[in-house]
Amino acid sequence: MAELTVENLHLTYGTNPILKGVSLTLNPGEVVSLLGPSGSGKTTLLRAVAGLEAPHRGSIKLRDRTIFDGAAGLDVPAEARNLGLVFQSYALWPHKTVFDNVAFGLKLRKVAADEISTRVKKALGELSLGHLSERFPHQLSGGQQQRVAIARALVYNPPVILMDEPLSNLDAKLREEARAWLRDLIVTMHLSALVVTHDQSESMAMSDRILLLNNGVIEQQGTPQQMYAEPQTLFTADFMGSNNRLAGQVAELAGDQALLKGEGWQLRGRAKPGAKMGAAGTGLIRLERVRVAEGPGDNRVQPELKTSMFLGDKWEHVFNLGATMLRAHGPRALSPGKHWVEIPREDFWVF
Amino acid sequence: MSAVPSALGGGGPRGASSFFTWRALTILTTAVAVLGPLSLIVYQSLLTAPFFDARKTAGFGAYAFVFADEDFWKALRNSVVIAGGMTLIAVPLGAILAFVMERTDLPFKRWFEPLILVPSFVSPMVLSFGFVVAAGPVGFYTVWSQDLFGVAPWGLYSILAMTVIAGLTHVPNVYVYASAALKSLGSDVEEAARSAGASPFRVAMSVSLPLILPSMLFAAVLVFFLGFELFGLPLVLGDPEGILVLSTYLYKLTNKLGTPSYHLMAAVAVCIVAITFPLVLLQRKLLQGARKYATIKGKAGRMRELPLGKWTGLALFIIVAYLFVTVIVPISGIALRAFVTNWGFGVNLSEAFTLDSFRYVFQETTHTRAIWNTILIGTVGGALTVACYTAIGFATHRRDDGWSRLVDYLVLVPRAIPGLLAGLAFLWIFLFVPFLAPIRATIFSMWIAYTVVWLAYGMRLISSSLMQVAPELEEAARSVGASRATVSRKITLPLIRPGLIASWLLVFMIFEREYSTGVYLLAPGNEVIGAQLVSLWQGGAIDIVAALSLINILLVGAGLAVALRLGVKLRD
Amino acid sequence: MRGFVTVAALAAASLGAFAQVPAGYPADYAKIVAGAKAEGKVVIYSALDTKAAAPLVKDFNAVYPDVKVEYNDMNSTELYNRFIAEVASGQGGADVMWSSAMDLQVKLVDDGQAMTYASPEVVKLPKWAVYKNQAYGTTYEPAVFIYNKRLVTGAEIPQDHASFAKVIESNTAKFKGKVTTYDIEKSGVGFMFVVQDTKYFPGMKDLERGFGATSYKVYSSTGNMLEKVSSGEHLLGYNVLGSYALVRAKKDPNLGVVLPKDFTLVLSRVMFIGKKAQHPNAAKLWTDYVLSQRGQKMIGGEVELFAVRDDVEAEYTASKLNKQLGGVVKPIPVGAEITEYLDSKKRLEFLGQWKATLAAGGGK
């Protein structure tokens, strides 16, 4: 049975519709990301699940217990939902010590004092915070505060843990490390997590499934690989990864093959749903798929090199293909001038 | 993984409903306490005689009389001018003082802070009297100035002087709000400005003060309110030139027809409330704008002071000048008067020195009782009052429904009624409502009247403290299973404690200097210094007035100093 | 058994009380004394401040130690307000009302609020000081002129009303902004005084014009006027309550007092017992005390008001004043005629005329 089931959720702020019919399921042990640009409604969705926002239509169920049902007028208050919620700003209570912050949830559940002590110490220990239990939030670093926020949400073993941009307040270096251990933590503790993030690489690294939201509806959902390698819409394709977009006309369309004609170039690629014969189309290819070639060949173009940037492990070359910008990665520097660049057919999508 | 039951069982309707009832009770009590006196006044304004007089008839005669009286219009104009002027003086000055004291490294801060607050706990009548003795036509300073410089270019009995003095003496009110608001700003916004090259003055003008604008607008509207209720000041300084304001006009009405004309007074009070209601609406709008300025978030950080550098001299000068004019001049006047038998042109002060006034005060039981009662009502009463205000604050916290709006309006209305008439209305209530009658002659009746009349003031500070608590902190608590009531108790309340204590201090100061509200409730046993000063002044015992005022000032100053020392901080 | 004890107690009480009945009082006065003892206290609302009244209260308690005096002082308007409100709500309040606002007191009597009680001392009081055996004038306080001794000298000191007018009119420059009197719109006593002045002083209009010409300064409080004349901020004061002025002048070398020689108005604080008094016997005791020789002696002595009775020896007495001034003393009668101007229309008319005359004088 799914841990969390959301069905056809609608939510409006005043006259502004934010969620326009969103459904999702969260299975036991899964980490699901809610991904999307700002304004897409992902945080609102999370807060609605938590009980801090009030939808007006749809239903939310935890296992078999309904906590929201628009039709029946049922809205279980946030404090009764027994979920763990980690805020983007951590929201640690400044007047309580780390220990008290974490213990608060247990105190509310009338757990005995010594058991509280044991469990809190265990939770803090698991997050390497044991030595900080008597400190106050303002005495901790950002990373430490984040771990306290997580410990606080987990200590009473909620079935589902909700996280709002858990990593975005950390500095870049920490973020990379945190990605790994956060997923590791969730998996080890057999939790089910719903994580909101705007960073697609983060969501791919951490989750079993990704839900991409666009303007209040789910654009596409799937495993990270599916989302990355098989986008069904231009939005999805463009959101995941770093891409080149080429605008042109769909000159040929046969089965799953299409020919896109642009200004002084034409390229063959895989036709995606929505591509129409004779209509305007957009071609998209991931940066890392573009190859700098030796000479002319199949599906190759010859753009002018504008500039190259050294990124440490590779070079990023910026070409001008007519008026369009084309970026590619390469292992070494290039001399200025025209170069041949290959756009492999299988990796070039035409929408 | 074991399943732990959620903190509130399934659904939590029981928890929610008991909270609802508590809220309903608070709101109901507030409504009754505010609307009771107000409706009595409105009712009275529509009659032609006291409402308990058998010969009364209904009608608009009271309003007709008032609107036809040219004194009313003159008084109205003067009130508006003075209220506006004093707001323009008090708000910028209060904000700047708060900025300098809160956010910079000004030296001697600890000494300045209590001194800045002095005008707000000295009875305005006493202060005005102090100004007359010190800077009036034959005041000490006037005479000295004439001896030294040949001129004393100030005219005390003028609208200008009244406006300036009113403005200066209301600076502490603005200061308290401004410093509370500045306290919760992160220093990063100011440091960003500094690193962009802004001097401390620039930082204040462009960053800090705009960020606390909502609180400042709030304070501005409240100070404007207070302008309409000024009584002691225009009474002492306005009388000589016949300059009337609404409250002294009302006072004049008391005897203009020979027998006290409650209906006329009530009509004027209703007019005042009608003027201030748009101000209430305005304030509500300001509240909404202020919501986006919540800054106590989970991310805690230290606050660093801005170095003043070459601005230190100017800042010190401003503060010292303010303190001199607003505090030292009138209080030295009072102190001098308390120790001499007479004064004026050609009087040799050293010959007139005496301690008789003080001896008398301490011998007379009515006075010693007044001193004791005043301490009591300020400390214990003040704490109880803040508790009540906090309860009301919670009833409207984070709930933007019709009830909250209702409470917002309710809270602001009593302050719009002149203290004099509010006190009279309370007397009527205590007289005519059977179960309240026994408490009339006790200090408790005084406390109730004070608490209701000053709702707007005390509650605003609490509301703004509440506003500064980031919703996330409360949401986090709810997500771990705390009911709304528990959240209020365990999370919000501890976090607003500095605000509560500041409120208590403010309420203490206000209660100590209150004088008009208690005048009608005065009875043996519940005397308070303020109301007693009014009757003493009326009777002409100016030396006792001076002595008692000095005692009052010293008492409150001591209380303030003790509080600040014990860690009740208005800064940090 | 109970009945016997009560009678015995009463007998014992009356026997003991018998010693307290003042000389010349009827024998059954003892009942009143006993009743007062049982009541235990008397509640007084008075316009005379506590400090001044203290010696009186002390002396009363020397005679009647068992009757506690609850003395409330407030200004005459509050007195009136408080009284009518409390009577209307049925909540006790004052047993004795003692106020300098003579007109308001008489109005209350006319409204039936006073208890009829013929004090044994009535016969000793002047006729004008007794109203329907319900209200009594208790003091004899003159309306005086005050001046600053250092700055006003010789011929400038007005000795009567006419010269007051002349002094200020002929020397407007010196007295501009320096003449003071009661604000007759705010002060009932001030209003009453000028109404009476108009009766006795034909040249009142001159005086009013003089006030206008010198932009006179008005106050509602006696204390204020005394302060300002003493300090030199003002130079002359008109119709100031003599009791306060004379007391101040004793200590204050700057303050000079003049009893006008053409006529001197005299105010008498009116006292009555509330009809619904909760301690009627105690109230009677107090009233009789104040009107008695002993009480009047205190009033004329330590209390520093003037005793109204002729047959009293004290520092300030009516007889002394009368002798000083000859026949020119004009006491304001405790009677219905003084309530004439409590009628709003009449009052406003008077005020209107007053203001017009001031304006004509060229001042306010």
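Please go through the stretch B:425-450 and pick out each residue that is over 20 Å from residue B:374 (Cα atoms) and under 22 Å from the mean Cα position of the chain (by Cα). Outline the logic, then answer.
We begin by selecting, within the stretch B:425-450, every residue over 20 Å from residue B:374 (Cα atoms); these are B:425, B:428-438.
Once the filter is applied, which keeps residues that are over 20 Å from residue B:374 (Cα atoms) and under 22 Å from the mean Cα position of the chain (by Cα), the stretch B:425-450 yields only B:425.
Give me the residue from the stretch B:45-63 that is more than 11 Å from residue B:268 (Cα to Cα) and not in a loop (DSSP other than H, G, I, E, B) and, out of that set, farthest from the other protein chains (Cβ to nearest Cβ). Explain how you work it out, then say what you get.
Of all residues in the stretch B:45-63, those more than 11 Å from residue B:268 (Cα to Cα) come to B:46-61.
When the remaining residues are screened for being not in a loop (DSSP other than H, G, I, E, B), the result is B:47, B:58, B:61.
Values: B:47: 13, B:58: 18, B:61: 10 Å.
Ranking the candidates gives B:58 first.
Would you confirm, using the coordinates I've provided, whether residue C:88 is touching a Phe, Trp or Tyr at 6+ places or on another chain (Cβ under 7 Å), free of Cβ contacts under 8 Å to residues at least 24 places away in the same chain and surrounded by fewer than 18 Cβ atoms within 10 Å (Cβ to Cβ)?
Numbers: touching a Phe, Trp or Tyr at 6+ places or on another chain (Cβ under 7 Å): yes; free of Cβ contacts under 8 Å to residues at least 24 places away in the same chain: yes; surrounded by fewer than 18 Cβ atoms within 10 Å (Cβ to Cβ): yes.
Yes; evaluated as a whole, the condition is true for this residue.
Can you name the residue in the stretch C:179-201 that is among the charged types (D, E, K, R) and more than 20 Å from residue B:244 (Cα to Cα) and is also surrounded by the most Cβ atoms within 10 Å (Cβ to Cβ) among such residues?
Taking the stretch C:179-201 and keeping what is among the charged types (D, E, K, R), we get C:183, C:185-186, C:197, C:199.
Of the ones still in play, those that are also more than 20 Å from residue B:244 (Cα to Cα) are C:197, C:199.
Values: C:197: 21, C:199: 12.
Among those that are among the charged types (D, E, K, R) and more than 20 Å from residue B:244 (Cα to Cα), it is C:197.
Just name the residue that is surrounded by the most Cβ atoms within 10 Å (Cβ to Cβ) out of those in the stretch C:211-229 that are under 23 Å from the mean Cα position of the chain (by Cα) and touching a residue at least 60 places away in the same chain (Cβ under 8 Å). Reasoning before the result, please.
The first filter runs over the stretch C:211-229 and keeps only residues under 23 Å from the mean Cα position of the chain (by Cα), leaving C:218-229.
With the extra rule that they be touching a residue at least 60 places away in the same chain (Cβ under 8 Å), the set shrinks to C:225-226, C:229.
On the way: C:225: 26, C:226: 27, C:229: 31.
Looking at residues that are under 23 Å from the mean Cα position of the chain (by Cα) and touching a residue at least 60 places away in the same chain (Cβ under 8 Å), I get C:229.
Filter the stretch B:359-406 down to the residues that are touching a residue at least 12 places away in the same chain (Cβ under 8 Å) and of a type in the set (Ser, Thr, Tyr) and list them by number.
Result: B:360, B:366, B:374, B:379, B:385, B:389, B:390, B:396.
Applying the selection to the stretch B:98-115, what residues are among the hydrophobic types (A, V, I, L, M, F, W, C) and crowded, with 24+ Cβ neighbours inside 10 Å?
B:98, B:99, B:100
Looking at residue B:517, is it over 25 Å from residue B:451 (Cα atoms) and out of contact with any Asp or Glu (no Cβ under 7 Å at 6 or more places or on another chain)? Talk me through it step by step, then tell me what you get.
Details: over 25 Å from residue B:451 (Cα atoms): no; out of contact with any Asp or Glu (no Cβ under 7 Å at 6 or more places or on another chain): yes.
In short, no.
Can you tell me which of (1) over 24 Å from residue A:106 (Cα atoms); (2) touching a helix residue (DSSP H, G or I) at 6+ places or on another chain (Cβ under 7 Å) is the one residue A:177 doesn't meet?
(2)
For the condition small (Gly, Ala, Ser) and surrounded by fewer than 20 Cβ atoms within 10 Å (Cβ to Cβ), what is the one hit in A:125, A:105? Walk me through it before giving the result.
Working: A:105 fails: surrounded by fewer than 20 Cβ atoms within 10 Å (Cβ to Cβ).
Among A:125, A:105, only A:125 is small (Gly, Ala, Ser) and surrounded by fewer than 20 Cβ atoms within 10 Å (Cβ to Cβ).
Which residues, taken from the stretch A:294-351, are aromatic (Phe, Trp, Tyr), in a strand (DSSP E or B) and surrounded by 15 or more Cβ atoms within 10 Å (Cβ to Cβ)?
Here is the first cut: in the stretch A:294-351, the ones aromatic (Phe, Trp, Tyr) are A:310, A:315, A:319, A:340, A:348-349, A:351.
Checking which are in a strand (DSSP E or B) leaves us with A:310, A:315, A:319, A:340, A:349.
Result: A:315, A:319, A:340, A:349.
With the stretch C:213-323 as the region, which strands (runs of 3 or more DSSP E) entirely inside it contain at least 1 residues that are facing chain B (nearest Cβ under 10 Å)? So that I can check it myself, show each step before the final result.
Details: elements: C:217-219, C:236-241, C:255-258, C:264-267, C:270-273.
Those strands (runs of 3 or more DSSP E) span C:217-219, C:236-241, C:255-258.
Could we say that residue A:138 is part of a helix (DSSP H, G or I), within 11 Å of chain B (Cβ to nearest Cβ) and not charged (D, E, K, R) here?
Numbers: part of a helix (DSSP H, G or I): yes; within 11 Å of chain B (Cβ to nearest Cβ): yes; not charged (D, E, K, R): yes.
Yes; evaluated as a whole, the condition is true for this residue.
Could you tell me whether any residue of the stretch B:464-474 is under 30 Å from residue B:373 (Cβ atoms) and buried (at least 23 other Cβ atoms within 10 Å of the Cβ)?
The initial filter retains those residues of the stretch B:464-474 that are under 30 Å from residue B:373 (Cβ atoms), namely B:465.
Now drop any that are not buried (at least 23 other Cβ atoms within 10 Å of the Cβ), which leaves B:465.
For the stretch B:464-474, residues under 30 Å from residue B:373 (Cβ atoms) and buried (at least 23 other Cβ atoms within 10 Å of the Cβ): present.
Counting residues that are at pLDDT below 80 and surrounded by fewer than 20 Cβ atoms within 10 Å (Cβ to Cβ), which helices (runs of 4 or more DSSP H) fully inside the stretch C:1-71 reach at least 1? Working first, answer last.
On the way: elements: C:2-18, C:29-39, C:50-63.
Here the list reads C:2-18, C:50-63.
Listed here are the residues, each with its yes/no results for (1) hydrophobic (A, V, I, L, M, F, W, C); (2) modelled with pLDDT of 90 or more; (3) surrounded by fewer than 20 Cβ atoms within 10 Å (Cβ to Cβ); (4) in the same structural domain as residue A:343 (by TED's automatic domain parsing).
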| position | (1), (2), (3), (4) |
| --- | --- |
| A:208 | no, yes, yes, no |
| A:223 | no, yes, yes, no |
| A:246 | yes, no, no, yes |
| A:251 | yes, no, yes, yes |
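Residues checked against (1) surrounded by fewer than 18 Cβ atoms within 10 Å (Cβ to Cβ); (2) within 28 Å of residue B:81 (Cβ to Cβ); (3) more than 14 Å from every other protein chain (Cβ to nearest Cβ):
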position	(1), (2), (3)
B:197	yes, no, yes
B:205	yes, yes, yes
B:253	no, yes, no
B:263	no, yes, no
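Hey, can you tell me all the residues within the stretch A:82-104 that are at the interface with chain B (Cβ under 7 Å from one of its Cβ atoms), in contact with a helix residue (DSSP H, G or I) (Cβ under 8 Å, 6 or more places away or on another chain) and either part of a loop (DSSP other than H, G, I, E, B) or over 19 Å from residue A:192 (Cα atoms) (or both)?
Matches in the stretch A:82-104: A:83, A:87, A:89, A:90, A:91, A:92, A:93, A:94, A:95, A:104.
(1) away from chain B (no Cβ under 11 Å); (2) closer than 15 Å to residue B:523 by Cα; (3) of a type outside the set (A, V, I, L, M, F, W, C): which one isn't true of residue C:93, the others all being true?
(1)
Only one of (1) in contact (Cβ under 8 Å) with a residue 60 or more places away in the chain; (2) facing chain B (nearest Cβ under 10 Å); (3) charged (D, E, K, R) is not met by residue C:197, so which one is it?
(2)
Taking into account only those residues within the stretch B:524-542 that are at pLDDT 75 or above and surrounded by fewer than 24 Cβ atoms within 10 Å (Cβ to Cβ), which is nearest to the other protein chains (Cβ to nearest Cβ)?
Applying the filter and picking the extreme gives B:525.
Just one of C:355, C:320, C:346, C:261 is not assigned by TED's automatic domain parsing to the domain that holds residue C:250 and not acidic (Asp, Glu); which is it?
Result of the check over C:355, C:320, C:346, C:261: C:320.
Hey, among B:404, B:465, B:445, which residue is within 20 Å of residue B:286 (Cβ to Cβ), away from chain A (no Cβ under 14 Å) and in a helix (DSSP H, G or I)? First the steps, then the outcome.
Working: B:465 fails: away from chain A (no Cβ under 14 Å); B:445 fails: within 20 Å of residue B:286 (Cβ to Cβ).
Unique residue meeting the criteria: B:404.
If residue A:22 passes every condition in (1) touching a residue at least 24 places away in the same chain (Cβ under 8 Å); (2) in contact with a helix residue (DSSP H, G or I) (Cβ under 8 Å, 6 or more places away or on another chain); (3) under 20 Å from residue A:191 (Cα atoms) but one, which one does it miss?
Just one mismatch for residue A:22, condition (3).
Only one of these is within 20 Å of the chain's Cα centre (by Cα) and either outside any loop (DSSP other than H, G, I, E, B) or outside the structural domain of residue C:294 (by TED's automatic domain parsing) (or both): C:86, C:78. Name it.
Working: C:86 fails: within 20 Å of the chain's Cα centre (by Cα).
Being within 20 Å of the chain's Cα centre (by Cα) and either outside any loop (DSSP other than H, G, I, E, B) or outside the structural domain of residue C:294 (by TED's automatic domain parsing) (or both) holds for just one of C:86, C:78, which is C:78.
Would you be able to say whether some residue in the stretch B:557-566 is buried (at least 24 other Cβ atoms within 10 Å of the Cβ) and among the hydrophobic types (A, V, I, L, M, F, W, C)? Talk me through it step by step, then tell me what you get.
Narrowing the stretch B:557-566 to residues buried (at least 24 other Cβ atoms within 10 Å of the Cβ): none.
Within the stretch B:557-566, none of the residues are buried (at least 24 other Cβ atoms within 10 Å of the Cβ) and among the hydrophobic types (A, V, I, L, M, F, W, C).
Within the stretch A:66-81, how many residues turn out to be within 8 Å of another protein chain (Cβ to nearest Cβ) and surrounded by fewer than 21 Cβ atoms within 10 Å (Cβ to Cβ)?
Initially, the stretch A:66-81 is screened for residues within 8 Å of another protein chain (Cβ to nearest Cβ), giving A:76-81.
Next, from what is left, pick out any that are surrounded by fewer than 21 Cβ atoms within 10 Å (Cβ to Cβ): A:77.
Residues flagged as within 8 Å of another protein chain (Cβ to nearest Cβ) and surrounded by fewer than 21 Cβ atoms within 10 Å (Cβ to Cβ) within the stretch A:66-81 amount to 1.
The values are calculated or read from the model by the stated rules, or taken from the named source; none is laboratory data. Values in this document were obtained by computation on a predicted structure and should not be read as measured data. Note that each Cβ is placed from the backbone with ideal geometry, even for glycine, and that neighbours are counted across all protein chains shown.
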